[in-house]
Structure formats: structure tokens, C-alpha cells
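Undergrad: Below is one structure. I have some questions about it.
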Amino acid sequence: MNKKQKELAIEVKGITKSYPGVVANKSVDFTVNKGEIHALVGENGAGKSTLMKILYGIEQPDEGEVSVNGNVVQINKVDAAIKLGIGMVHQEFHLVPSFTAAENIGLGEEPRNSNGLINWDKLNKDVSEIAEKYGLDVDPNLRMIDASVGVQQRTEILKTLYRNADILILDEPTAVLTPQETDELFQVIRSLVDEGKTVIFITHKLREVMEISDRVTVMRDGEVQGVSETKKTSVKELANLMVGREVFLQVKKEKSKPTDVVLEVKDLWVHDARGLVAVKGVNFEVAKGEIVGIAGVDGNGQTELVEALAGLRDTSRGEILFEGKNIEKNSPRQRRREGLAHIPEDRSNTGLNVRLAIWENLIGTSYFRSPLSRGGIVSMKNILRHSNELRETFDIRSPGVTIRAGSLSGGNQQKVVVARELSEEPALTIASQPTRGVDIGNIEAIHEQIVEIRDSGKAVLLISAELDEVMSVADRVGVIYEGEFVEWVDPSKVNQEQMGLYMAGIKG
Amino acid sequence: MEKFSFKDILVLIAGLFITAGVAYAILTVTGFIPTDIAKLFYEGAFVGQRNILNTLNIATPYILTSVATVISFRVGMFNIGINGSMYVGALYAAWAGYRFTTLGHLSHVSLCIFIGMLVGALWMLMPALLRVYAGVSEIISTIILNFVAVLFVSYMCNGPFRAAPIAPTTARILETAELKQYFPNSEFHTGFFIAVFVAFAAYFVLNKTTFGYELRSGGDGLVGFYPSRYSSYLGIPSDRSAITGMLISGAIGGLAGAVIVLGNTRNFYQEMAFNQGFDGILIAIIGKLEPLGGLISSLFYAALKNGGLFVDYKTEVSREIVVILMSILIFFVSAQKIVSSLERFEFVKKLDKFFSRKVK
């Protein structure tokens, strides 16, 4: 078996693709064997997405050739890719919310009756059959607006299978999933491969690579750094290849030395946008010199809690005491003056205005102060100096600070937000999903910065759906479930499984 | 905001050529000699003191309405109602022009302009408040208010403000309220300098002041998803910014109406038909939603318009051809897909790089 040349599902030779100012792919060679799970890893901007866009016909390479199942092909549009049996599940789902699963799956490929109308029965039957065959648990009649993220993702996978895809590209499929949903997804991927499909799995979570993939390709700066069988490599080696230097996977920190209480939350109740109770009378404290973590599956009241603390949402009952004063009636600007910074979870519409330039996003908390402005007149010289300093300190990768923030990659956008918030040296930093969409080397840097803030005697409240993140960075962790804290734990004394139970609302 | 790049200029030039081609075809088909018409067109727009002054005179209200558009759009408010502000601003400037009889020249002109701007701004207050406190789309309310404005001024100059028994018109403004016309052969007047000053002032306020930053922080683009949560997240009162932006926009719209009455017509009459408020939107978009871009494209638009008028005056060619040509040109300038598709050509990439380096 090993001696014989394995059949290749995809072979990419010498692909080069450049955008204005950057070369996204530099003569990339990339092969995927038939019937394997192939992990493609790399940091943001490493060129993974570009390569996949080329395979899926969204982008055209400047140089190089693509073969599918041994034949050299021109994939000049998405339709051509689908005809070749390539299917892609994007990171952002492309679903019509008001349509059912079956309607979404059949969209554009609806089976017809003899009279030309859509044959709904056949569509529902076909969808159910495919779903059953691959163990994808989806109710064809469920509207997507009511479906969980996991179900939406399975619907996307069904969409590709309905179009007879043999090669599936999954772009960071686990980024939006809970640990349980991730396990379910992995079962689906395994059954797909058992049925003879080929899966390309893009991620930057290395633990998942080790768990699910047969082979792994690492990219960095548009070039392939290495290809290996997964069992012959290690997380450490992959991480170093990805980042191009030694990476410390564990956050290095001393034991915390909490002092005075900065934030005290008493019996806080908050409603969500639909008017339902999202936070149900929580009590907690955050002290100087400690990082308090809040763990939990997304949608258990974290968003509403953070917005209430930051002044973006009204509370219905309870008190928020900041350094002993009730700040409940204060505006976000007043809270910031008191020394409260906020890294919001929604970076593209809240943390940034993507239509403004990078420098305009960097000065959002400081533009009204000298030396950035005097008497209401901004000093471009000082602002550009300040922005460029932040750009260097926080390693924001962009050609300059005058381009629009919207043209940055997700990770670099996040760095803009983090840079702006942390540069104020606030007494309390509320960091909500601070590393979402950020790659491993930069996650390390952001974690280091958070620990540094703590060590300088400031307080941090860290909210994250990434269990690993909360567990390794925070000194004390509260697990939130349906708007209430299930348990407060010392992360060094509790294991992942126990945390999983707490996150599901089961007390110990 | 995205700045001009070489690609934009290339598309503009290509658009000009194609527009010229279409014009050539239309003229030939309708039995004219295109090169003769082109010569006349050029002469009408740019040759001789009188034609140049007329071009600048036509540009005056466009500069103001495009700046008014720029401000509201960049605050994140899709204000389509500048034409309405123009009407009421013009009417009340005329009223102030004949009503106050004891003032000196400077104080009278200033008062008329102030009243025109104030009324123009107040006209925008309702859509702004409705948007912020009731969520009514400002696009709908400002469009409706345009009709209301036309009917309102028509009523006023038929009724309360009517001076002449034979025609629905206000009294002529007093000489002290007139904006000076400098040359006997053209209506070119001081309003042009006011407009240019406003464009520069808007550029300065939007880009160089903290006030301008606060205004823009919730918007700053054609696709105004008001409210972008960014500004309220920072603690900038975004509702106040949105209202302020609309009021400034309305005030400049009112100013556009006022300078026409004070500088050109010297009274307000029922048949006065403004469309500069609408054209200003197109001009502002061609100018990439920058105040100075609006200034330049207003001059460009006015030159085309004046050239067209000259051709219309000298020949049998209909002036409507200018409308057709402008439409084609705008079609090209706003065709962003064409701009981005040019990236596939190697030479465009290289030139783009070359030019952007120069700009830095």
C-alpha cells in the first residue's frame, strides 16, 4: 500500500497569487490523497483561505496548475468547482434564515415535478436520506432562524453533499462550536471519510489537528512550511512551524496576588434584546492584581452581562460598584474615564468602525486629549506617531495606519481593538473573546499582555467561549449557565471534563 | 474613506471616452457634425470670460448641495432631502431680504444667509428626530419632505408672502441684501466664494477636528448602517452626532437656496424649480464623499452643463443630451466592480503602486 502511489484527489503545483501589496501564495504545492482527512493549518494571513478560494473557483491563480482526480483543470468559477465534486463550508454560513433546512439545501437545485413546480416531497426525502447516510442529524423542516449553530453547520455540509461533493473543504468549522458540538462534527467527518469522501479541514487549533487528521500541511507567509503524517508530528512542532519561532503553549504566570476590590456586582439582572431575562441575579467581585474568567457556552448571558458592565445595556435590577461607586447610570464615556476598558466580542460592528482608517480606530478613546488634539483641533502629526507606535507595539500587520480598518484580516482587526483598549492602562479591563479569530502567535502575545496588566496591579475580567483560554489565563473562573453562575473554580484544580459538566449546567 | 487611486482615474478617463463615443453616435444619427458640436461644447464651458463666469455661477449651488450631502452621508444619515432645505432656505432668505429695511449691506446679507440656513436646518430637524427616537428611515421621511417643501413654498408665495397681484412671487429683496454681481455680462456673484469657503471649512471640520471625528465615528461611508455601534461603544453620543450632522447638512442646503435668491433671482417666485439638491448627491458620490472632491466635481458638472446650454443655444441639439451624457459618466464612475476588475491587469497594478507611493 505504501509503496504504491496513492491516488490523489487534489494536486496543486506552483500556485502563486498576489494581491496589491501582498503575495498570498508563493509557488504553493499541495496534495490531498483520496479518502483522507487533511488538515491545513497556519496563522491568519498565511494563505490558507486564498489557496482554498482558488480550489473553489472564487479566485484565479496568477501562476500554477490545479489537478482534480488526476486531471488538470481550470476552475474559473464556483460552479466549475461544484461540477468537479468540490464542496466548501465557509466560516460564515451562507443560509437563508427564514428557509427550512431542506429549502436551503435544495436552493438552486430543486427537484421538479412534471409540471415544473418544485417537488417538495422528493427534496425532503432526498435530504433525509443523505442526512441518515452520513449520520448528520438535521430536521429538514426546521427553519434556520430556529436552528443552533451546530445544526446550521450540518445543513451547510448537507448542501455540499446534496450537490454530490466528493471533496469537502471545511473552513475553520470548529471556531463557532461548543466542545460537545465539535465532537459531533468529528463523528460526522469520520463517517464522511468512511463513505469515501475526502475532507480538507482548515483550522488553527492544533489539538483538533492531532485528533482528527491523517495528514497535515502547515503554511506560513504564503508558503508551505511542511507536510507530514499527523502521527509523526506533535503539537509543539506544528506550532513552531506555523509561527516560525519557538512558541510557549502554556501561559507563563506567577500566582496572583489580589488586593483591593475594583468591581463588585450585586444581584445583577439584565434583559436581552428580545426582553427575556438573560442575567439572573449574579454576584461577583474582581480585585486588583487578578484575572477573573467567565467560562460558558456562548449565549448563556455573557454578552448581556458584559454590555451591562460596559454601559451599553440597561440593567433591570442590582448594583454595579466600580471602586466603591455605583456606576450604573454612567455613560460608556464616563465609565472609561473612571478607568474601565472594554474589548467587545463583536469586533466588526462594535469594537471598530470598519469604514474608518486604522488610526481613526486607534484614537477612539484618546482623541479628545492632548497631545492628540488641542482645543478641538486634531494634531495629525501626533496622532500618526501615536498610531504607529501602537501598530508596532501590538504588531498590527498593515502597510500603514491610513488604510481602512475593514481591509485588515480578522486577527489584525482584533489587535487594533486590543491596542486601543490596553493603551489606556485602565484599572479594569473587560476582555470579551479577546482572541477570537486571532492566530496562535498573536494569541500568545495577547495573553502575555493580559497577564502583564494583572502583574502591574490592574484587574481583568476575561470572558471566553474557548475553555482552554479561560483555564490557562484566568486565576479564578466562574462557569455561567443560563444567566447564573453554576460554580466558581480554581482552574489549576479542575479538569476539562468537570468543566464540561459545569458548562452544561450540572453542578458538581 | 477610500482615497482616489490610479484605477479610479483610469475608469474616469475610460468613462469620458465612452461617453464621448456615445455622444458621437447620437449626434451622427440625429444628423449633426459631432466635431463642430464638441468645439461649441468646449467653447461654452471654458472659453472667454463670460462662459467661464457662467460655469462658476452654475457651480455655486452644486458645491453647497454636494457638501451638504457629504456631511450627512458621512455621519451615516442618508439625507435625500437637501432639495427641500433649499426651497425653504431660499424662500425665507427672500423674505428676510425685503422684510428688514433698516440694515446696512453686510449685516443685512448676513442676516438673510443666517435665516436661510436656520430654516434649512430646522427643515431637517423632524426627519433627524424621527430617525433617532422612532426609527423612521430618514430616506423615506426626507423624500416625502421634498414634496412638502415644494407645496409649502408654493402656498407661501401665493399667500402670505405674495407681493405682486399678477404673479405668485415675493417682493424683490432690497439692494442691501444682494450678493454682489461683479460683471455686467454674467450673474456670477459673491455666493461662489461663500460656497468655496464652505467646502474648505467642511473639509477642515470633518477631517481636522475632534468634533468632526465624533460626527464621523458612527458613519463614514456610502453604506450608512446607522447606527454603527462603534461610536456609542466609545461613549460618543451617536444620536446627537446624527442629529447634528443632519442639521448642518440642512443648513448648507438652505444656504444653497439663499445664495440663489440673494445672488441670482433677487426674489422668490412660484416657478422656481430646484434640482441641485438631487444632483448634489450624484456629484458628492463622484467626489468620493469628500468636501473638496465635491467642490471639484461640482466645477466639472457645471462645465458640462454650461457647455450643453451653449450648444443648445447655438444649435438645434437638445440640451437633454447633457443629461444623457452625465448619466453614462456617472454610471462608469460609480461602477466599483469595473474598478476592482481592473486589478487583473499587470500594468494597472504597477501603475497603482507607483502612484500610491508618490502620494505617500
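Undergrad: Please name whichever of A:130, A:102, A:30 sits farthest to the positive end of the charge dipole of segment A:8-243, dipole taken about the Cα centre and charges placed at Cβ: Lys and Arg +1, Asp and Glu -1.
TA: Farthest towards the positive end: A:30.
Undergrad: Can you sort A:276, A:422, A:8 so the residue with the fewest Cβ neighbours within 10 Å comes first?
TA: Values: A:276 9, A:422 23, A:8 16.
So the residues, fewest neighbours to most, are A:276, A:8, A:422.
Undergrad: For segment A:407-414, in order, what is each residue's ³J(HN,Hα) by Karplus, 6.51 cos²θ - 1.76 cosθ + 1.60 with θ = phi - 60°, in whole Hz (x at glycine and Pro)?
TA: Those phi angles translate into 8, 7, 6, x, x, 6, 4, 4 Hz.
Undergrad: For B:65, B:102, what's the fewest-to-most ordering of other Cβ within 10 Å of each Cβ? Walk me through the numbers on the way to the answer.
TA: Details: B:65 33, B:102 7.
With the fewest neighbours first, B:65, B:102 line up as B:102, B:65.
Undergrad: Take peptide A:373-379, look around each residue's Cβ out to 10 angstrom, count Cβ atoms belonging to other protein chains, and average those counts.
TA: Values: counts 5, 1, 2, 7, 6, 7, 1.
For peptide A:373-379, the averaged partner shielding equals 4.
Undergrad: Then there's this: By how many degrees, between 0 and 90 and to the nearest 10, does the Cα long axis of helix A:440-455 differ from the longest principal axis of chain A?
TA: 10 degrees
Undergrad: 7 Å from Cα along Cα→Cβ at both residue A:326 and residue B:152: what's the point-to-point distance in nm?
TA: It works out to 4.4 nm between the two label points.
Undergrad: If you average the alpha carbon positions of segment B:161-182 and of segment A:276-349, how far apart do those two centres end up, in angstrom?
TA: 62 Å
Undergrad: Now for a separate question. With charges only on Cβ, +1 for K and R and -1 for D and E, what is the dipole size of segment B:59-298 about its Cα centre, in debye, rounded to 20?
TA: Here segment B:59-298 has a charge dipole of around 200 debye.
Undergrad: Multiply the residue separation of residue A:317 and residue A:272 by 0.36 nm, subtract the distance between their alpha-carbon atoms, and state the gained length in nm to one decimal. Write out the running numbers ahead of the final one.
TA: Details: separation 45, 0.36 × 45 = 16.20 nm, distance 1.35 nm.
Here the segment from residue A:317 to residue A:272 would lengthen by 14.9 nm.
Undergrad: Under a point-charge model restricted to the Cβ atoms of Lys and Arg (+1) and Asp and Glu (-1), what is the dipole moment magnitude of chain A relative to its Cα centre, in debye to the nearest 20?
TA: Dipole about the Cα centre, nearest 20: 1260 debye.
Undergrad: For chain B, build the charge dipole from Cβ charges (+1 Lys, Arg; -1 Asp, Glu) around the Cα centre, then report which of B:30, B:135, B:201 sits farthest towards its positive end.
TA: So the residue furthest toward the plus end is B:201.
Undergrad: Residue A:259 to residue A:63: extension gain in nm, 0.36 nm per residue of separation minus the Cα-Cα distance?
TA: On the way: separation 196, 0.36 × 196 = 70.56 nm, distance 6.01 nm.
Full-extension gain reported as 64.6 nm.
Undergrad: Testing the spin-label approximation: label points 7 Å from Cα along Cα→Cβ at residue A:234 and residue A:455. State their distance in nm.
TA: Each label point is offset 7 Å from its Cα along the Cβ direction, giving 2.6 nm.
Undergrad: Right, something else. Label segment B:93-233 by shape, choosing from rounded, prolate and oblate, from the square roots a ≥ b ≥ c of the eigenvalues of the Cα gyration tensor; if a/c is under 1.5 it is rounded, and otherwise prolate applies when a/b is larger than b/c, oblate when it is not.
TA: Oblate, because a/c is 1.5 or more while a/b does not exceed b/c.
Undergrad: Right, something else. Let's test the formula: R0 of 30 Å, r as the Cβ-Cβ distance of residue B:49 and residue B:101. What FRET efficiency results, to the nearest 0.05?
TA: After rounding, the FRET efficiency stands at 0.25.
Undergrad: Sticking with this one: Using 0.36 nm per residue, how much length does the chain from residue A:211 to residue A:77 gain when fully extended, once their Cα-Cα distance is taken away?
TA: Working it through step by step, the gained length comes to 44.9 nm.
Undergrad: Here is a follow-up. Of the trypsin sites (Lys or Arg not before Pro) in segment A:423-495, which ones lie in a loop per DSSP and count no more than 14 other C-beta atoms within 10 Å?
TA: none
Undergrad: Let me ask you something else. Just to confirm the filter: which trypsin sites (Lys or Arg not before Pro) across segment A:216-264 are DSSP coil and have at most 11 other Cβ within 10 angstrom of their Cβ?
TA: A:245, A:252, A:255
Undergrad: Placing +1 at every Lys and Arg Cβ and -1 at every Asp and Glu Cβ, with all other atoms neutral, what dipole size does the protein assembly as shown have around its Cα centre, in debye to the nearest 20?
TA: About 2800 debye.
Undergrad: By a straight-distance test (C-alpha under 14 Å), which aspartates and glutamates pair with residue A:253 as possible cross-link partners, with residues fewer than eight away in the same chain excluded?
TA: Straight-line reach from residue A:253, under 14 Å: A:290, A:444, A:448, A:452, A:455, A:469, A:475.
Undergrad: Give A:48/A:83; A:48/A:255; A:133/A:507; A:325/A:458 a once-over and call out the pairs whose C-alpha atoms are over 28 Å from each other.
TA: Too far apart for the 28 Å limit: A:48/A:255; A:133/A:507.
Undergrad: What ³J(HN,Hα) values, in whole Hz, does the Karplus curve 6.51 cos²θ - 1.76 cosθ + 1.60 give for segment A:220-227 when θ = phi - 60°, with x put for Gly and Pro?
TA: Coupling constants for segment A:220-227: 8, 6, x, 10, 7, 8, x, 10 Hz.
Undergrad: Give me, ordered by chain and number, the residues 5 or more places off residue A:328 or on other chains with an amide H under 5 Å from its own placed amide H.
TA: Those lying under 5 Å, H to H, from residue A:328 are A:320.
Undergrad: List the chymotrypsin sites (Phe, Trp or Tyr not before Pro) within segment B:4-111 that DSSP assigns to loop and that have no more than 13 neighbouring Cβ atoms inside 10 Å.
TA: Passing sites in segment B:4-111 do not exist.
Undergrad: FRET efficiency for residue B:347 and residue B:25, Cβ-Cβ distance as r, R0 = 35 Å, nearest 0.05?
TA: The value I calculate is 0.75.
Undergrad: At residue B:18 and residue A:13, where each label point lies 7 Å from the Cα along Cα→Cβ, what is the point-to-point distance in nanometres?
TA: With each label point 7 Å from Cα toward Cβ, the separation is 3.9 nm.
Undergrad: Sort A:38, B:105, A:271 by Cβ crowding within 10 Å, fewest neighbours at the top. Mind showing how you got there, number by number?
TA: Working: A:38 24, B:105 13, A:271 16.
The fewest-first ordering by Cβ neighbours comes to B:105, A:271, A:38.
Undergrad: Additional query: Report the calculated FRET efficiency for residue A:129 and residue B:140 (r = Cβ-Cβ distance, R0 = 41 Å), to the nearest 0.05.
TA: Working from the Cβ atoms, E equals 0.30.
Undergrad: For the protein assembly as shown, what does -39500 (n - 2.57) per DSSP helix run (n ≥ 4), summed and divided by total residues, give at 222 nm, in deg cm²/dmol to the nearest 500?
TA: After summing the helix terms and dividing by residue count, I get -15000 deg cm²/dmol.
Undergrad: With a cut-off of 17 Å, note down the residues of segment B:7-38 whose backbone N falls inside the zone around a label point 7 Å from the Cα of residue B:316 toward its beta carbon.
TA: Under cut-off, by backbone N: B:26-38.
Undergrad: Through the Karplus equation 6.51 cos²θ - 1.76 cosθ + 1.60, θ set to phi - 60°, convert the phi angles of segment B:239-253 into ³J(HN,Hα) values in whole Hz; use x for Gly and Pro.
TA: Calculated HN-Hα couplings, in order: 5, 5, 4, 4, 5, 4, x, 5, 5, 4, 4, x, 5, 5, x Hz.
Undergrad: Would you mind calculating the relative contact order of chain B from Cα pairs under 8 angstrom and at least 6 residues apart, reporting the percent as a whole number?
TA: For chain B, the relative contact order is 35 percent.
Every number in this text was worked out from the coordinates using simple rules, so none of it is lab data. Note that the structure is a prediction, hence the values are computed from the model and not measured. No Cβ is skipped: glycine too gets one built from the backbone with ideal geometry, and neighbour counts run over all protein chains shown.
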